[in-house]
Amino acid sequence: MSSALMPTYARQPVGFSRGEGVWLFDTEGRRYLDTTAGIAVCGLGHAHPAVAEAIADQARTLVHTSNLYQVPLQEKLGEALRDVSGMELCFFGNSGAEANEAAIKLARLFAHKHKGISEPAIIVMENSFHGRTLATLSATGNKKIQDGFGPLVPGFVRVPFDDVAAIEKAAAENPNIVAILVEPIQGESGVRAPAAGIAPYLEALHAICDKNDWLLMLDEIQTGNGRTGKYFAYQHSAILPDVVSTAKGLGNGFPIGACLVRGKARDLFGPGNHGTTYGGTPLACRAALTTIEELRKGPIDNARVMGERIRSGFLNTLGDLGVTVEGAGLMLGVVLPKPCGELVARAREDGVLLIVSAENRIRLLPPLIINGEEADLLVEKISALVRTFLNEGAAA
Ligand SMILES: Cc1ncc(COP(=O)(O)O)c(C=O)c1O
């Protein structure tokens, strides 16, 4: 029978019936090492006992009441996020795109309320990814994602990633700019990190925002929740942004996103400015609270240690073939000298799930709870596949 689903995804011919830690089991019972974690979502791994128990217990107690009323668990989660981020206030939604929508609306409100700018513009980056809603796909630096959906939402000025001079030039040319929206490490485009490191890049952006009275808005949807070895990637630097969007790993698979604000972005939204029916349900907040609690017990530090182990593992096994590694913590791009999309199927046949982005980058996003043995197995299996693949090319 033909599928009843819209064909929006090029799905692989495998489906899973259960998971445990870094492992997924397909409907035939075959085991796979999961280096994707549901695309940087399940930081605590699959079927984490504490998260499972929290969701089940909360589902039996109270799932949803709406934002017409006080939601005590939302307050608690707001405090937990404040604690891990240094930010001041939160707005809860259900996805990354929604968190970024809130950020984009905040930048516009900032322009109208505080700067008297009626047609505000936000600086965004080439090769960025911010989501699939109309505003977030307009902010995204990838023509393929925008094709067919014009007219795009106006008010975005695009510059190359990791190019501070281009931002300074845009600032001099365009008095309508009010904010920068940037991923500290670009995810969807294959894990592209600032060449000199996260800290100098973010510190330079922060200084430009300060000088021009702009908002620095960080899209930490992929980099956040421990992925890079700090709770948020900006914590590798000395700065605090004005706006942070988070989602993905926040609920370990339970859908929830948040937009965090401080300083001059803190008091922009008032009653009636923004909202969503499902934002911050007791169930979603309980899942996220438990996830944060568990992440802070060790997985974030583990991401740093295992990330280094995997990075040096690949450099040792594949460095001679011109393979390099970018990224931080357990957000790593293994960069091959040629397009390698076919490795996805080969790895799957070998019991490893992986993502290839930007044609020649293996994007590794394993659960943050991966242990040393599993990390070594990941390197061993993928290195063997890559070596065979690159040598085939050499022989041809
Ligand atoms: C950096 C970044 N921003 C935004 C999004 C969009 O998040 P969602 O798919 O939850 O809407 C993603 C998703 O991949 C992302 O990686």
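Multiply the residue gap between Val14 and Glu392 by 0.36 nm, knock off their C-alpha separation, and tell me the result in nm, one decimal place. Write out the running numbers ahead of the final one.
Numbers: separation 378, 0.36 × 378 = 136.08 nm, distance 2.65 nm.
Full-extension gain reported as 133.4 nm.
Please compute the modelled spin-label separation between Asn316 and Asp26, points set 7 Å along Cα→Cβ, answer in nm with one decimal.
Inter-label distance under the simple model: 3.1 nm.
Hey, what did the range 50-295 get for relative contact order, percent, Cα under 8 Å, at least 6 apart?
Values: 467 pairs, mean separation 73.4, N = 246.
Computed over the range 50-295, the figure is 30 percent.
What nm distance separates the two modelled labels at Ala384 and Asp350, each placed 7 Å from Cα along Cα→Cβ?
0.7 nm
On average, how much accessible surface per residue is there in the chain, in Å², for a 1.4 Å probe, leaving out ligands, DNA and RNA?
On the way: 17350 Å² over 396 residues.
That works out to 44 Å² per residue.
Cα centroids of the range 1-66 and the range 115-147: how far apart, whole angstrom?
30 Å
Probe radius 1.4 Å, ligands and nucleic acids ignored: give me the carbon and sulfur share of the accessible area of the chain as a rounded percent.
In the chain, the share of accessible area belonging to carbon and sulfur is 53 percent.
Given the Cα-Cα distance of Leu152 and Thr276 and 0.36 nm per residue of separation, how much length would full extension add, in nm? Provide the component values of the computation, followed by the final result.
Details: separation 124, 0.36 × 124 = 44.64 nm, distance 2.30 nm.
Contour length minus Cα-Cα distance gives 42.3 nm.
Taking the mean number of other Cβ atoms within 10 Å as a proxy for protection, how do you rank 299-311, 336-348 from highest to lowest?
Details: 299-311: 20.6, 336-348: 15.5.
Ranking the peptides 299-311, 336-348 by packing returns 299-311, 336-348.
Apply the Karplus parameterisation 6.51 cos²θ - 1.76 cosθ + 1.60, with θ equal to phi minus 60°, to every residue of the range 6-20 and state each ³J(HN,Hα) to the nearest whole Hz, in sequence, with x for glycine and proline.
Karplus-based 3J(HN,Hα) across the range 6-20 equals 4, x, 7, 10, 8, 6, 7, x, 8, x, 10, 10, 7, x, 7 Hz.
What are the ³J(HN,Hα) values, in whole Hz, obtained from phi via the Karplus relation 6.51 cos²θ - 1.76 cosθ + 1.60 with θ = phi - 60°, for each residue of the range 206-217 in sequence order, with x given for Gly and Pro?
In residue order, the calculated couplings are 4, 5, 5, 5, 4, 4, 9, 6, 10, 8, 9, 10 Hz.
Counting only residues 5 or more places away or on other chains, whose amide H sits under 5 Å from the amide H of Ile123 once H atoms are built in the peptide plane?
Under 5 Å from the amide H of Ile123 lie the amide H atoms of Val157, Val178, Ala179, Ile180, Leu181, each far enough along the sequence or on another chain.
Amide H to amide H under 5 Å from Ile355: which residues, 5+ apart in sequence or cross-chain, H placed 1.01 Å off N in plane?
Arg363
Is the shape of the chain best called rounded, prolate or oblate, per the rule: a/c under 1.5 gives rounded, else a/b larger than b/c gives prolate, else oblate, with a ≥ b ≥ c the square roots of the Cα gyration tensor eigenvalues?
Numbers: a/c = 1.70, a/b = 1.24, b/c = 1.36.
Oblate.
Ordering Met125, Met1 from largest to smallest accessible area (1.4 angstrom probe), what's the sequence? Intermediate results must be reported in sequence, preceding the final value.
Details: Met125 0, Met1 235 Å².
Result, largest first: Met1, Met125.
Per the helix-only calculation at 222 nm, which mean residue ellipticity applies to the chain, given -39500 (n - 2.57) for every DSSP H run of n ≥ 4 and division by its residues, nearest 500 deg cm²/dmol? Intermediate values should be presented prior to the final figure.
Working: 12 runs with 146 residues, N = 396.
After summing the helix terms and dividing by residue count, I get -11500 deg cm²/dmol.
Packing-wise, with mean Cβ within 10 Å as the measure, how do 98-104, 273-279, 377-383, 360-366 rank, highest first?
Numbers: 98-104: 27.7, 273-279: 15.1, 377-383: 19.1, 360-366: 24.7.
Output ranking for 98-104, 273-279, 377-383, 360-366: 98-104, 360-366, 377-383, 273-279.
Could you please report the charge total around Ala287, scoring K, R as +1 and D, E as -1 over all other residues with beta-carbon less than 12 angstrom from its beta-carbon? Walk me through the intermediate numbers first.
Values: positive: Arg286; negative: Glu53, Asp57, Glu293, Glu294.
With Lys, Arg at +1 and Asp, Glu at -1, the neighbours total -3.
How far, in nm, would the chain grow between Val305 and Asp267 when pulled straight, counting 0.36 nm per residue and subtracting the alpha carbon separation? Intermediate results must be reported in sequence, preceding the final value.
Working: separation 38, 0.36 × 38 = 13.68 nm, distance 3.84 nm.
So the chain would gain 9.8 nm between Val305 and Asp267.
Between Lys211 and Glu88, what FRET efficiency comes out of the Förster formula 1/(1 + (r/R0)^6) with R0 = 22 Å and r the beta carbon distance, rounded to 0.05? Before the final figure, lay out the partial values.
Values: r = 22 Å, r/R0 = 1.02.
E between Glu88 and Lys211, to the nearest 0.05, is 0.50.
State, to one decimal in nm, how far the label point of Leu5 lies from the label point of Asn174, with both points 7 Å from Cα in the Cβ direction.
Result: 3.7 nm between the two label points.
With θ taken as phi - 60° and the coefficients 6.51, -1.76 and 1.60, list the Karplus ³J(HN,Hα) couplings across the range 267-273 in order, rounded to whole Hz; mark glycine and proline as x.
After applying 6.51 cos²θ - 1.76 cosθ + 1.60, I find 10, 6, 6, x, x, x, 6 Hz.
Using a 7 Å offset from Cα along Cα-Cβ at His64, what residues in the range 268-291 end up with backbone N under 20 Å from the label point?
Of the residues in the range 268-291, 274-289 have backbone N under 20 Å from the label point off His64.
Tell me which residues come under 5 Å, amide H to amide H, from Asn252 once H is placed; ignore anything under 5 positions away on its chain.
Gly43
Compute the signed sum of charges (Lys and Arg +1, Asp and Glu -1) over the other residues within less than 14 Å, Cβ to Cβ, of Arg309. Present the calculation step by step, with values, prior to reporting the outcome.
On the way: positive: Arg304, Arg311; negative: Asp301, Glu308, Glu373, Glu374, Asp376, Glu380.
Net charge in that neighbourhood comes out at -4.
The values are calculated or read from the model by the stated rules, or taken from the named source; none is laboratory data. Predicted model only: the values in this text are computed from it and were never measured. Cβ coordinates were reconstructed from backbone atoms using ideal geometry, including for glycine residues, and neighbour counts include every protein chain displayed. For the accessible areas, the whole protein counts, side chains as well, though only heavy atoms, and no ligand, DNA or RNA atoms are used. Shrake-Rupley method; radii C 1.70, N 1.55, O 1.52, S 1.80 Å.
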